[in-house]
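Asker: First, the structure itself, so that you have it in front of you.
The values are calculated or read from the model by the stated rules, or taken from the named source; none is laboratory data. Because the structure is predicted, anything quoted here is derived from the model rather than measured. Virtual Cβ from ideal backbone geometry, glycine too; neighbours counted across all protein chains shown.
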Amino acid sequence: MSKKQDFYFNMNHLKRLSSLFVGLILFLFTSDPLAAQKHLTVEQVYGKEKFESASLDGVQWRPDGKGVTYLRTDEETGNLEIWNYDIDSGQRSLVVSSEEVSVLGEQRREKRFTLDNYIWSPTGADILFPDKQDLYLYHLSSGVLKRLTEDEEEERDPQFSPDGTSLAFLKRDNLHVLNIETGTMTQLTNQGTAHLLVGRFDWVYEEEFDIRTGFFWSPGGKYIAYFQVDERHIPEFPVVDFIPVHNEMHPVRYPKPGDRNATVDIGVVPIERPFATVWMDLGPERDVYIPRIHWHPDGERLAIQRLNRKQNKLELLLADVRTGQSRIILTDEVQDGWIEMNDVLTFLEHEKAFLWLSQQDGYTHLSLYDLEGGFVRQLTSGPWDVTELVALAEERGRVYFLATEKSIIERHLYVVRLDGAGLERLTTGDGSHEINMKPDNAYYLDTYSSISSPPRVSLYTHTGSLKEILEPNEMKVLFEEFALSPPEFLSVLSDDGVQLNAFMIKPPDFDPSKRYPVLIYTYGGPASQIVVNEWKKGMGRLWHELMAQKGYIVFGLDNRGTFGRGTEWMWTVYKNLGEYEVRDNVSGIKYLQTLPYVDQDRIGMWGWSYGGYTTCMCMLKEPDYFKVGVAVAPVTDWKNYDTIYTERYMSTLEDNPEGYERSSVMQYADGLKGKLLLAHGSSDDNVHLANTMQLAVALQNAGKHFDLMIYPGKAHSILGEEARVHLFEMITEYFLENL
C-alpha cells in the first residue's frame with residue numbers, strides 16, 4: 001500500500017470513530033491551545049539542552065569606520081569566526097576564522113586559541129589575538145599570523161599605543177612595552193610583586209568599583225598612567241579546596257569592615273624613560289579610595305577621583321604628570337547617604353570644560369563644569385536618573401545618554417545639546433535599550449529587549465533612524481512551543497503609604513476561581529533593581545516561567561533602598577540594612593492576601609547573594625508570613641563582607657556598631673518557623689561560606705531545623721551545567737514538596 005493510500009485508509013478509519021471520541025480529540029488539541037504546548041524543564045533552562053538567546057557577541061566598531069565586527073560560530077565546522085557588517089552596502093563578510101589563525105606544528109594544524117578575545121589595531125590593518133601565554137598579530141591584507149612573544153610568562157591586558165606601533169602589557173608583575181616592528185621589549189617598572197600590584201587591582205577594587213584594567217596610555221602615546229596597589233597588609237581569607245586528599249588552601253586578600261584597605265598610588269611613566277615614574281600627589285590621607293583616573297586630552301594632565309573611606313565625599317584632582325603636583329578642582333559631598341561611582345567624567349577637547357554626573361538635586365544628572373571646577377550649567381533635570389553616558393558628540397554639540405525619564409523600569413536613549421536645550425528621546429516602545437555608539441557618533445547599535453522580548457540588535461543613525469536589524473532574535477521555538485505566561489507590572493502600597501514597583505507571573509492556565517501558592521523572588525540590595533522591563537541576561541526568568549507552569553504565582557518587588565526613585569528613597573536604608581527589605585516584602589504579602597486567587601498560607605521566597613540575605617531576614621524576622629525559603633550564597637552578617645560595599649551602605653564599624661548588630665541574620669535565628677534551605681559554593685571568594693556556616697551554628701543553637709547543600713569547588717555563581725541543573729532541580733523540588 002502506498003503512503004497516499006495508507007493516509008486515506010487511516011482517515012476513513014478515523015471517520016468511523018464515535019463522534020464523542022472525535023469531539024474529545026478536537027477539544028484537547030484545538031479548543032485549548034495550552035494543551036498542545038510543552039512545559040519547560042530545568043535542563044532546558046540551565047543544562048546542555050538550554051535555550052540560547054541569539055546575540056551579536058564580541059561586537060567592535062572597525063577602526064576605519066566602515067563597519068562593525070562580531071563573532072559567529074559556524075554550525076557545520078564549529079569554528080569561531082569574526083564577521084564584518086559593512087554599513088554602506090549592508091553586506092556581511094567573513095573577516096577571519098579560527099581555522100585560518102591556527103599554528104602549524106608537528107605536521108598538523110594546532111588551534112592555539114579561539115577568537116573570543118580579539119583586539120583591533122588603531123590603524124585597522126591588524127587584529128591582535130592574545131593566547132593564554134603569548135600574543136599573535138594577524139595582518140588582514142596578507143593573511144599572515146605573526147607571533148609577537150614566545151615564553152612561559154603571560155602578557156596580561158595588552159593595549160595598543162594610540163598610533164598602533166607598540167603594545168603595552170603586564171608581564172612578571174610589571175609594565176612592559178613591545179615595539180611591534182622591531183620586536184624590542186622594554187620594561188617600564190620594576191617594583192611590582194605578587195602583592196604590590198602594578199597596573200592591576202586587589203579583589204575588592206575589581207569587585208566593588210567594577211574596574212579591571214589598571215594602566216592607560218596617554219592620548220599622544222608619551223606616557224602610561226598606572227595604579228599601584230599595595231595589598232601586603234590586607235588579611236588573607238582562606239578559600240579551601242576540599243576535593244584533593246590533601247586539601248588545598250587558596251588565600252584571598254579580603255578586607256572586611258574595620259580592616260585596613262590596600263594603599264593606592266598613581267604613577268606616570270614616560271615611554272622613553274623606563275623606571276622614571278612620577279608619582280601623583282594624592283594628599284596626606286592614605287585611608288582613601290582612588291576608584292578612577294582619566295587622561296585630559298592634552299596628554300599632560302591626569303584627572304584623579306579621590307573618595308573618602310565613608311564614600312560620601314568625592315574629590316576630583318587635576319595633576320601635572322611631569323611634576324606630580326595636583327589640585328582639587330571639584331568636591332561632591334552628601335549627608336546621610338553615599339556616592340555611587342560612575343564613568344561619566346569626560347573632557348571636551350575644544351573647550352576648557354568637562355561633563356560630570358552627580359546627585360546634588362536628589363536625582364542623578366549631567367552637568368558641565370569648567371577646568372577650575374566652576375559650575376557652568378546643568379544639562380538634565382527632573383525626577384528621573386541618567387544611568388549612563390553613551391557619547392559626547394562635541395562636533396555637533398550633543399550629548400547622548402541613557403535615562404529613566406520615560407519610566408523607572410525602562411532604559412532609553414536621549415540626546416541633549418551642550419547648552420542644556422533640546423532634550424529628545426531617540427528610542428521608542430516599551431522596554432530597555434543598551435547602546436554602542438560608533439566612535440565618530442554617526443551610528444549606534446541598539447540592543448533592545450522587554451520582559452517578553454529577548455534582545456534584538458539594530459543599527460540606527462545618530463538621529464534615531466533605523467538602518468537595519470542585525471539580529472532579530474525572535475526565539476520562535478521558545479514562544480511557539482512552550483506555554484509562557486507574560487509577566488505583569490503592578491504597584492503595591494507599603495504599610496506606610498509608599499508605592500512599590502512589583503511584577504507578577506501567573507500560571508499559563510490561570511483560573512481566577514482557584515487559589516495558588518506564591519513564590520516571591522527577591523534581591524533588595526541598595527541601588528539594585530529587579531522590576532525592570534527587559535529580558536534578563538542568561539535566560540534567568542525562564543526558571544520563573546517553569547515554576548509558573550507548575551502552578552505557582554511568581555512575584556517580586558523593589559523595596560526601599562533600590563534604584564530609580566531618587567536619593568531620598570535610596571538612602572532610606574543607610575546604616576540600616578535589613579529593615580525595609582523585610583517591611584516592604586511583608587507589605588507585598590499583605591497585598592497578595594487581598595487577592596482571592598492567592599493561597600495566603602502557601603507563600604515562599606528565594607534569593608541569591610543579597611537576595612539570600614533578604615530571604616533569611618524575612619524568614620527569621622517575620623516567620624508567620626513565609627512558609628518556605630531558599631537562600632543561595634547569602635550574606636548573614638555584614639561584618640563578614642568586604643569594606644567597600646559594606647561601608648558604603650552601613651558606614652564604618654566604629655561609626656555604626658548598633659546598625660551592624662541589628663542587621664545580622666544571626667540575631668533572629670530563634671524566629672525560624674518555616675522550611676529553610678541554604679545553598680553555598682565552598683570556594684566562594686565573594687560571599688564566603690563562613691556566612692552560611694555561622695548561620696548554621698546559630699540555628700542549631702536555637703534548636704531550629706533547616707536544610708543545607710554545599711557545592712564543593714564552586715564559587716559565588718555556582719557555574720557549570722551540572723551544578724546549575726542540580727541546584728535548580730533541588731530548589732524546584734524543595735518548593736514542590738514544601739509549598
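Asker: Can you find even one residue in region 731-738 that is surrounded by fewer than 20 Cβ atoms within 10 Å (Cβ to Cβ), among the hydroxyl-bearing types (Ser, Thr, Tyr) and touching a residue at least 40 places away in the same chain (Cβ under 8 Å)?
Answerer: Within region 731-738 (the criterion being surrounded by fewer than 20 Cβ atoms within 10 Å (Cβ to Cβ), among the hydroxyl-bearing types (Ser, Thr, Tyr) and touching a residue at least 40 places away in the same chain (Cβ under 8 Å)), the answer is yes, since at least one residue qualifies.
Asker: Going residue by residue through region 424-438, is there one that turns out to be under 27 Å from the mean Cα position of the chain (by Cα), exposed (fewer than 13 other Cβ atoms within 10 Å of the Cβ) and more than 23 Å from residue 56 (Cβ to Cβ)?
Answerer: Looking through region 424-438, none of the residues is under 27 Å from the mean Cα position of the chain (by Cα), exposed (fewer than 13 other Cβ atoms within 10 Å of the Cβ) and more than 23 Å from residue 56 (Cβ to Cβ).
Asker: Also: In region 720-730, which residue that is among the aliphatic types (A, V, I, L, M) and surrounded by fewer than 18 Cβ atoms within 10 Å (Cβ to Cβ) is nearest to the chain's Cα centre (by Cα)? If you could, list the steps in order and put the result at the bottom.
Answerer: From region 720-730, those among the aliphatic types (A, V, I, L, M) are 723, 725, 727, 730; that's our starting set.
Checking the rest, the ones that are also surrounded by fewer than 18 Cβ atoms within 10 Å (Cβ to Cβ) come to 723, 730.
Values: 723: 21, 730: 26 Å.
Applying the filter and picking the extreme gives 723.
Asker: One residue is enough: does region 682-691 have a residue meeting the conditions more than 21 Å from residue 582 (Cβ to Cβ), of a type in the set (Gly, Ala, Ser) and assigned to a loop (DSSP other than H, G, I, E, B)?
Answerer: Yes - at least one qualifying residue is present in region 682-691.
Asker: Hey, could you check region 314-333 for residues that are surrounded by fewer than 17 Cβ atoms within 10 Å (Cβ to Cβ) and not acidic (Asp, Glu) and say which is nearest to residue 575 (Cα to Cα)?
Answerer: Filtering region 314-333 for residues that are surrounded by fewer than 17 Cβ atoms within 10 Å (Cβ to Cβ) and not acidic (Asp, Glu), the one nearest to residue 575 (Cα to Cα) comes out as 331.
Asker: May I pose another question? Being in a loop (DSSP other than H, G, I, E, B) and in contact with a strand residue (DSSP E or B) (Cβ under 7 Å, 6 or more places away or on another chain) is the filter here; which residues of region 443-479 pass it?
Answerer: Our first condition is that a residue be in a loop (DSSP other than H, G, I, E, B); within region 443-479, this holds for 451-452, 462-465, 472-475.
Passing the criteria: 462, 472, 473, 475.
Asker: Would you please list the contacts, defined by Cβ atoms under 9 Å and residues six or more apart or on different chains, that run from a residue in region 706-719 that is buried (at least 18 other Cβ atoms within 10 Å of the Cβ) to a residue that is of a type in the set (D, E, K, R) and part of a strand (DSSP E or B)?
Answerer: Qualifying pairs under 9 Å: 706/675.
Asker: Looking at region 652-664, can you tell me whether even one residue there is assigned to a helix (DSSP H, G or I) and among the aliphatic types (A, V, I, L, M)?
Answerer: Checked against the condition, which is being assigned to a helix (DSSP H, G or I) and among the aliphatic types (A, V, I, L, M), region 652-664 yields no hits at all.
Asker: I'm trying to understand the selection: among the residues of region 390-407, which are part of a strand (DSSP E or B), over 15 Å from residue 464 (Cα atoms) and touching a Leu at 6+ places or on another chain (Cβ under 7 Å)?
Answerer: Within region 390-407, 392 is the sole residue that qualifies.
Asker: Moving to a separate point now. Is it the case that residue 510 is assigned to a strand (DSSP E or B), assigned by TED's automatic domain parsing to the domain that holds residue 584 and at pLDDT 95 or above?
Answerer: Against the criterion (assigned to a strand (DSSP E or B), assigned by TED's automatic domain parsing to the domain that holds residue 584 and at pLDDT 95 or above), residue 510 does not qualify.
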